[in-house]
Amino acid sequence: MSVAPSSLTSPTHSPSSERNPFGACGCGRSFSGLSSTRHTTTALVRDIPGLTRQEYLAASMAGLELMGRCPDCSDFPVADFVDWLLAVAGDLPEGTVVERHAFDLNVRWSLGSGA
């Protein structure tokens, strides 16, 4: 299963996958589609005009609830995770495809700006 191309994504998190992102739990190496609840190992960096941090945070919280995960149960608060992702992705050009291993975001390739 994969996330719809236009879907907002958020990294998933669990303490065990943070310690071993290549273990049985894929949370340390995947992103979740916030409306589809499907998972993917890559995400496309996009600049979405008008989308604020607070709106992205609200979408992330709602997506976690939709997936049946308690956004308050993580050792790492959702707001901190959103801030981390926005800071790291904010340094990348639009169209960059990224993958993650726990808290390392790696560039897979770049489609160039305007993707």
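The values are calculated or read from the model by the stated rules, or taken from the named source; none is laboratory data. Because the structure is a prediction, the values reported are computed rather than measured. Please note: Cβ atoms are built from the backbone with ideal geometry, for glycine as well, and neighbour counts cover all protein chains shown.
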- Task: Could you pull out the residue among 99, 94 that is touching an Asp or Glu at 6+ places or on another chain (Cβ under 8 Å) and at pLDDT 90 or above?
- Result: 94
- Could you tell me which residue of the stretch 22-46 is surrounded by the most Cβ atoms within 10 Å (Cβ to Cβ), considering only residues that are within 19 Å of residue 108 (Cα to Cα) and charged (D, E, K, R)? 29
- Item | In the stretch 50-62, the residues that are of a type outside the set (S, T, N, Q) and either modelled with pLDDT under 85 or not in a loop (DSSP other than H, G, I, E, B) (or both) | 53, 55, 56, 57, 58, 59, 61, 62
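Listed here are the residues, each with its yes/no results for (1) touching a helix residue (DSSP H, G or I) at 6+ places or on another chain (Cβ under 9 Å); (2) at pLDDT 75 or above; (3) part of a loop (DSSP other than H, G, I, E, B).
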{"position": "7", "(1), (2), (3)": "no, yes, yes"}
{"position": "27", "(1), (2), (3)": "yes, yes, no"}
{"position": "48", "(1), (2), (3)": "yes, yes, yes"}
{"position": "64", "(1), (2), (3)": "yes, yes, no"}
{"position": "76", "(1), (2), (3)": "yes, no, yes"}
- Could you identify the single residue in 77, 49 that is under 14 Å from the mean Cα position of the chain (by Cα) and either more than 18 Å from residue 7 (Cα to Cα) or surrounded by fewer than 16 Cβ atoms within 10 Å (Cβ to Cβ) (or both)? 77
